[in-house]
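Since the structure comes first, as structure tokens, the remarks are kept for the end.
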Amino acid sequence: MRLLRNFEVAVEVEHVRYLGDVKALAIGLVFYVYWIASWSGDPGSHTYEDGAPFGELRWLPLDEVTRVNGYDSTAEMTKMLREALSSSHDASGRASSSSLPSN
């Protein structure tokens, strides 16, 4: 699966899993949450809207996400990702190939 729309260059998604929906009732939005566990290509430093840089991409440890973005929806999405990450590791703490997301 190629992602072109939100990146300056193409990013090839290798493993993706749908984690669920998060409703932000106060603003009337539903976020469809996906875990992209692996990709190839360089997503760059920004997302793009209408061909112009829109949102800066920042890579953070999960423990810091809610400090940077305190919305309830963010906390819920972070929890979903933590649970997915936890279920994808075997007892030794290594990634289990049978539990990696599939395209």
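Here, each number is a calculation from the coordinates, and none is a lab measurement. None of the values given here were measured: they were computed from a predicted structure.
Database remark: amide H of Ala37 closer than 5 angstrom to the amide H of His15, Val16, Arg17 (H placed geometrically; neighbours at sequence offset of 5 or more, or on other chains; Pro and chain starts carry no H).
Close amide-amide hydrogen proximity is noted between Gly20 and Val33, each under 5 Å apart and 5 or more residues distant or on a separate chain (H modeled in the peptide plane; Pro and chain starts excluded).
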